[in-house]
Amino acid sequence: MRTAIQIQRSVIFAFFIRELKTRFGSYRLGYLWALLEPLGHILVIVAVFGAMGRNSMPGIEYPLFIITGLFPFFFFKYVWTRSAEAVKSNRALLAYRYVKPLDNIWARALLELLIFLIGFVVYLIGLATFGIEVMPHRPLEVFCAYILLFIFAIGVGIVSGVVCGIFPELKKCIPFINRPLYFISGVFIPLSVVPEKFRVYFLWNPILHALELARKNYFPSFEHSGASWLFLVMSSLVSLFIGLALYRITRFKLLES
Amino acid sequence: MIELKNVTKWYQTKKGRHYVFRDVSMIFPEGKSIGILGPNGAGKSTLIRMIGGSEYPNSGRVITKKNISWPVGLSGGFQGSMSGRDNIKFICRIYGLSRDETLDKIQFVREFAEIGNYFDMPVSTYSSGMRSKISFGLSMSFDFDYYLVDECTSVGDQTFRHKSNKLFDQKREKANIIMVAHNPQVLIRNTDIGAVIIDGKITLLDDIKDAAKYYSKVVKN
């Protein structure tokens with residue numbers, strides 16, 4: 001007999017490979033596409049906001065600034081949107097007794113984490129070849145900010161996976177949330193350029209906290225305003241808790257075919 | 001041995017809870033194949049899924065140490081964009097098989113299904129017959145103590161049907177099956193004892209022939 005841990009590990013591994021094949025397998029340049037997609041965004045953002053970036057953040061290379069926000073943001077977006085479909089779309093697999101509704105979410109999150117890490121490193125190397133100093137000022141803190149964002153993404157992902165598993169029509173709302181999220185999460189501007197009286201509203205967004213904290217520790221000269229570790233830690237733990245609690249409550253319903 | 005202990009199962013409907021089973025306790029004896037009879041919606045499939053561990057009772061437990069299959073011939077879980085081979089690998093990974101074991105299963109299914117080059121093409125290009133061949137072959141390539149069969153319709157052409165029946169009979173020498181079918185003759189051919197589900201109660205009869213008679217009598221009344 002296999003132990004529960006062994007079963008869990010092999011199921012997540014199985015889903016991981018499956019996701020890898022289905023996400024990229026159908027395109028000829030599949031894996032390359034994961035790297036090319038951010039490039040378009042970066043070019044557009046640099047073209048539009050480049051001047052503003054150089055003026056408001058002296059001493060910080062604007063392309064590097066974008067990368068430190070864009071990759072984690074994409075990563076968050078993909079984890080939670082793909083998790084929203086994960087529970088529903090794999091219902092047929094629940095007939096295999098070891099498969100449980102959340103397994104696919106874990107696997108997708110791990111895959112996105114891997115894509116994030118590889119993409120991030122590749123782009124850093126790319127910038128370094130242009131002679132830009134890419135090493136973070138305090139790597140450990142940067143790492144912590146991203147890991148907390150990862151946990152937050154999984155928490156939100158489980159919530160949306162469970163909710164969309166029960167009410168599939170809610171999946172239609174996802175694009176409506178993602179679009180504004182891109183603009184209010186500080187992907188291409190620091191919070192410090194936002195007028196002070198509006199900042200408190202932006203600071204309700206945990207993603208913004210993660211990006212600000214990561215950048216503050218990435219760039220010694222980054223002027224950070226109001227982002228808090230406590231808020232980020234609490235948001236990720238609370239979202240994970242709500243997600244798992246929701247799953248616990250609805251698990252029978254999710255298993256029904 | 002498979003034991004149901006105080007099993008209660010209900011589904012939430014708009015009109016409140018619909019009870020499928022209420023406090024059912026019973027023991028399916030060792031070494032017997034079981035045929036399940038019951039009218040539509042009586043809970044035959046629910047029972048199969050609970051035994052297979054893909055659904056749980058709302059209260060009570062299903063207790064067994066036996067190795068129980070997924071519903072034989074299940075192909076709904078196949079990922080259309082992946083090849084038959086990759087889909088088989090996926091199931092093998094779920095079951096934690098080693099590399100060599102996985103290769104054995106692939107070899108087995110490949111030879112059994114005889115779908116040629118389609119084996120390495122996306123499942124979405126398969127005909128339903130090809131899908132069934134792969135999924136039936138895959139179920140048979142695993143050694144379970146119990147095989148769950150839900151309304152198994154014979155698939156494919158005559159030679160294939162003959163081949164799959166032979167394989168299934170071979171399996172039954174070492175393993176048992178739990179089968180749901182509408183046709184009592186299919187159950188009588190394949191199983192030993194009968195479980196009749198009526199109004200949320202399960203009656204176990206030691207002979208499937210008696211069970212079929214009992215069922216037809218109850219349904220007529």
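The values are calculated or read from the model by the stated rules, or taken from the named source; none is laboratory data. Note that this is a predicted model, so its numbers are computed, not measured. All Cβ positions, glycine included, derive from the backbone under ideal geometry; neighbour counts span all protein chains shown.
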Of the residues that make up the stretch A:3-12, is at least one more than 27 Å from A:I158 (Cβ to Cβ), crowded, with 20+ Cβ neighbours inside 10 Å and touching a helix residue (DSSP H, G or I) at 6+ places or on another chain (Cβ under 6 Å)?
-> no
Please identify the pairs in which a residue from the stretch A:144-160 that is without any contact (Cβ under 8 Å) to a residue 40 or more places away in the chain and among the acidic types (D, E) has its Cβ atom under 6 Å from the Cβ atom of a residue that is in a helix (DSSP H, G or I) and surrounded by fewer than 24 Cβ atoms within 10 Å (Cβ to Cβ), counting only partners at least 6 apart or on another chain.
-> none
Output the number of the condition that A:G59 fails; it satisfies all remaining conditions of (1) surrounded by fewer than 20 Cβ atoms within 10 Å (Cβ to Cβ); (2) modelled with pLDDT under 80; (3) assigned to a helix (DSSP H, G or I).
-> (3)
Is there a residue being closer than 30 Å to B:R49 by Cα, at pLDDT 90 or above and more than 14 Å from chain B (Cβ to nearest Cβ) anywhere in the stretch A:15-28?
-> no
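Conditions tested, residue by residue: (1) under 19 Å from A:N205 (Cα atoms); (2) buried (at least 23 other Cβ atoms within 10 Å of the Cβ); (3) of a type in the set (S, T, N, Q).
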site	(1), (2), (3)
A:K88	no, no, no
A:L93	no, yes, no
A:R97	no, no, no
A:I125	no, no, no
A:F130	no, no, no
A:V134	no, no, no
A:R138	no, no, no
A:A153	yes, yes, no
A:E169	no, no, no
Residue in the stretch A:244-252 that is crowded, with 18+ Cβ neighbours inside 10 Å, in contact with a Ser or Thr (Cβ under 8 Å, 6 or more places away or on another chain) and within 29 Å of A:K88 (Cα to Cα) present | no
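Taking the residues in the stretch A:101-115 that are free of Cβ contacts under 8 Å to residues at least 60 places away in the same chain and surrounded by fewer than 23 Cβ atoms within 10 Å (Cβ to Cβ) as candidates, determine which candidate is farthest from the other protein chains (Cβ to nearest Cβ).
Across the stretch A:101-115, the extreme among qualifying residues is A:L113.
Residue-wise test of (1) under 19 Å from B:I34 (Cβ atoms); (2) out of contact with any Pro (no Cβ under 8 Å at 6 or more places or on another chain); (3) loosely packed, with under 12 Cβ neighbours inside 10 Å.
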residue: B:N117; (1), (2), (3): no, yes, yes
residue: B:G129; (1), (2), (3): no, yes, no
residue: B:K133; (1), (2), (3): no, yes, no
residue: B:D145; (1), (2), (3): yes, yes, no
residue: B:K163; (1), (2), (3): no, yes, no
residue: B:V186; (1), (2), (3): yes, yes, no
residue: B:I202; (1), (2), (3): yes, yes, no
residue: B:A211; (1), (2), (3): yes, yes, no
residue: B:K217; (1), (2), (3): no, yes, yes
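Determine, yes or no, whether A:I174 is out of contact with any Asp or Glu (no Cβ under 7 Å at 6 or more places or on another chain), aliphatic (A, V, I, L, M) and assigned to a loop (DSSP other than H, G, I, E, B).
Details: out of contact with any Asp or Glu (no Cβ under 7 Å at 6 or more places or on another chain): yes; aliphatic (A, V, I, L, M): yes; assigned to a loop (DSSP other than H, G, I, E, B): no.
Answer is no for this residue.
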Going through the stretch A:191-227 in order, the residues found to be more than 22 Å from the chain's Cα centre (by Cα), over 25 Å from A:P63 (Cβ atoms) and aliphatic (A, V, I, L, M) are A:V200
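Taking the stretch B:79-100 only, how many residues are surrounded by 19 or more Cβ atoms within 10 Å (Cβ to Cβ) and within 11 Å of chain A (Cβ to nearest Cβ)? Before the answer, list the steps.
Residues of the stretch B:79-100 that are surrounded by 19 or more Cβ atoms within 10 Å (Cβ to Cβ), as a first pass: B:79, B:82-84, B:86-95.
Still in the list and also within 11 Å of chain A (Cβ to nearest Cβ): B:79, B:82-83, B:86-87, B:89-95.
Looking only at that region, the number is 12.
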Out of A:E196, A:E212, A:E223, sole residue that is surrounded by 14 or more Cβ atoms within 10 Å (Cβ to Cβ) and modelled with pLDDT under 85 | A:E223
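Have a look at B:I34, B:I27, B:I63 and point out the one that is β-branched (V, I, T), modelled with pLDDT of 90 or more and buried (at least 17 other Cβ atoms within 10 Å of the Cβ).
Numbers: B:I27 fails: buried (at least 17 other Cβ atoms within 10 Å of the Cβ); B:I63 fails: buried (at least 17 other Cβ atoms within 10 Å of the Cβ).
From the options B:I34, B:I27, B:I63, the qualifying one is B:I34.
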Could you tell me which numbered condition A:L230 fails, if it satisfies all but one of (1) under 30 Å from A:I132 (Cα atoms); (2) surrounded by fewer than 21 Cβ atoms within 10 Å (Cβ to Cβ); (3) not hydroxyl-bearing (S, T, Y)?
-> (1)
Which of the residues belonging to the stretch B:46-60 are surrounded by fewer than 19 Cβ atoms within 10 Å (Cβ to Cβ) and hydroxyl-bearing (S, T, Y)?
-> B:Y56, B:S59
Test B:F119 against the criterion of being at pLDDT 85 or above, more than 24 Å from A:V11 (Cβ to Cβ) and more than 19 Å from the chain's Cα centre (by Cα), and give yes or no.
-> yes
Using the structure shown, decide if A:L32 is under 17 Å from A:I115 (Cα atoms), crowded, with 20+ Cβ neighbours inside 10 Å and away from chain B (no Cβ under 14 Å).
-> no
Cβ pairs under 7 Å, 6+ apart, first in the stretch A:83-94 and more than 8 Å from chain B (Cβ to nearest Cβ), second basic (K, R) | A:S83/A:R108; A:A84/A:K171; A:E85/A:K171; A:A86/A:R108
A:W204 is checked against (1) part of a loop (DSSP other than H, G, I, E, B); (2) surrounded by 22 or more Cβ atoms within 10 Å (Cβ to Cβ) and fails just one. What number does that condition carry?
-> (2)
